[in-house]
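Student: This is the structure I have questions about; it appears just below.
The values are calculated or read from the model by the stated rules, or taken from the named source; none is laboratory data. The structure presented is a predicted model; accordingly, all values stated were derived computationally and were not measured. Ideal geometry is used to build each Cβ from the backbone, glycine not excepted, and the neighbour counts take in all protein chains shown.
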Amino acid sequence: MLTRRHIRIKVMQSVYSFSLGKERKLDEELKFFKQSVFQSFDLYLLLLALLKALENYLGEQCQTYDTHKIKKEQKYFALKKLSQNKILAFISSHTELENQLKNKKFIRWDLEFVFLKDLVQEIIESQKFKDYFAIDNPSLKQEQQFLVSCFKEHIAPSVYLFNYLEDHQLTWIDDLPVVNTFLLKILKQLDVDKPKSLLFPKPIENIEDLEFGVELLEKTLGKDEELAAELEGKTPNWEADRIAQLDRVILKIAIIELLYFPSIPERVTINEYLEIAKDYSTPNSNNFINGVLDKLVREYKANKRMIKTGRGLL
């Protein structure tokens, strides 16, 4: 589920946190890094649980109308239509999902009644729902397409969801784009006749990716003095206190990858950290980091310090 770039981002976050002097030891930082990787799967479960809670909420609301013999106005029929979505029902009743959620005590969407209420209201007021509502007997494909659009347009960009995740687990904020993309892919290929079409992946499919992240973090933190020396004199137009702390962190990690990971081509390393800088650092960081890394690569090649042996992986 996680890519090499996402692993690099998590390493960057750990090194940055460590550099701020939060009094965590190396082994504690490595433990935190591994936990943050595996917690990305918890975020995937949390979002599936939200869809399950949404279906439960809709059923309860419809039941309230029936139990209390409330006049069935337009809103009731909208709730009923939404509650009958077969893809949503498939997720809600999925046995393996229920098993996965049993020991996840942090997942309590039933306590977020206001969020569910506002989310449903937002959905049924949308034009796409009105178009969906107008279809008397939607096909499975149409129901699937509608649920995908609901997730893309109402759940994934929700400010409430963002704040909720930030309050519960800060690392989830950076995981969210990756997990959202993965979950959307799953929603598009669900088959209600095949329970196994709802996947429960490992956060890291290839153990080598986790080992890559651990080694990258361990070497970066363990060679801090050496890395400071590598950067000495390489930024003549920038005073030390003018270099953003995050830029310094990104450069240190990139240097470790250039010198100690022979299977990863230097161009892959440079491109990856330029993209990370573009997303996480200052507007000037991209050009600054590119200039420093280009200078270092030329020096390392001239001194035969950087030996590359394979095509490498992203």
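Student: With respect to residue 30, determine if the residue is outside the structural domain of residue 150 (by TED's automatic domain parsing), surrounded by fewer than 16 Cβ atoms within 10 Å (Cβ to Cβ), under 25 Å from residue 269 (Cβ atoms) and not charged (D, E, K, R).
Tutor: The answer is no for residue 30.
Student: So, restricting to helices (runs of 4 or more DSSP H) that lie completely within segment 1-95, which ones have at least 3 residues that are at pLDDT 95 or above and under 27 Å from residue 189 (Cβ atoms)?
Tutor: Answer list for segment 1-95: 26-67, 74-83, 86-92.
Student: Turning to a different aspect of this structure: Determine which single condition residue 16 fails, assuming it passes every other condition in (1) crowded, with 21+ Cβ neighbours inside 10 Å; (2) closer than 16 Å to residue 276 by Cβ.
Tutor: (1)
Student: Output the residues belonging to segment 199-214 that are part of a helix (DSSP H, G or I) and under 16 Å from residue 39 (Cβ atoms).
Tutor: The answer is 209, 210, 213, 214.
Student: I've got another one for you. Does segment 276-301 hold any residues that are closer than 18 Å to residue 216 by Cα and under 27 Å from the mean Cα position of the chain (by Cα), and which are they?
Tutor: Within segment 276-301, 276, 277 qualify.
Student: Please enumerate the residues belonging to segment 268-284 that are closer than 20 Å to residue 177 by Cβ and either among the basic types (Lys, Arg) or part of a helix (DSSP H, G or I) (or both).
Tutor: 271, 272, 273, 274, 275, 276, 277, 278, 279, 280
Student: Just one of 106, 146 is out of contact with any Gly (no Cβ under 6 Å at 6 or more places or on another chain), under 24 Å from residue 184 (Cα atoms) and not in a helix (DSSP H, G or I); which is it?
Tutor: 106
Student: For residues in segment 109-131 being of a type in the set (D, E, K, R) and not in a helix (DSSP H, G or I), which is surrounded by the most Cβ atoms within 10 Å (Cβ to Cβ)?
Tutor: 112
Student: May I pose another question? Among 191, 167, 131, 136, which is the only one that is at pLDDT below 95, within 26 Å of residue 83 (Cβ to Cβ) and not aliphatic (A, V, I, L, M)?
Tutor: When all the criteria are applied, what remains is 136.
Student: Would you point out which residue out of 128, 105, 86 is assigned by TED's automatic domain parsing to the domain that holds residue 174, charged (D, E, K, R) and under 28 Å from residue 174 (Cβ atoms)?
Tutor: 105
Student: Every residue in segment 185-215 that is within 13 Å of residue 144 (Cα to Cα) and either surrounded by fewer than 14 Cβ atoms within 10 Å (Cβ to Cβ) or of a type in the set (S, T, N, Q) (or both), please.
Tutor: Answer for segment 185-215, where residues must be within 13 Å of residue 144 (Cα to Cα) and either surrounded by fewer than 14 Cβ atoms within 10 Å (Cβ to Cβ) or of a type in the set (S, T, N, Q) (or both): 185, 188, 189, 191.
Student: Separate question: Please go through segment 116-130 and give me each residue that is closer than 25 Å to residue 47 by Cβ and without any contact (Cβ under 8 Å) to a residue 12 or more places away in the chain, ordered by number.
Tutor: Correct list: 121, 125, 127.
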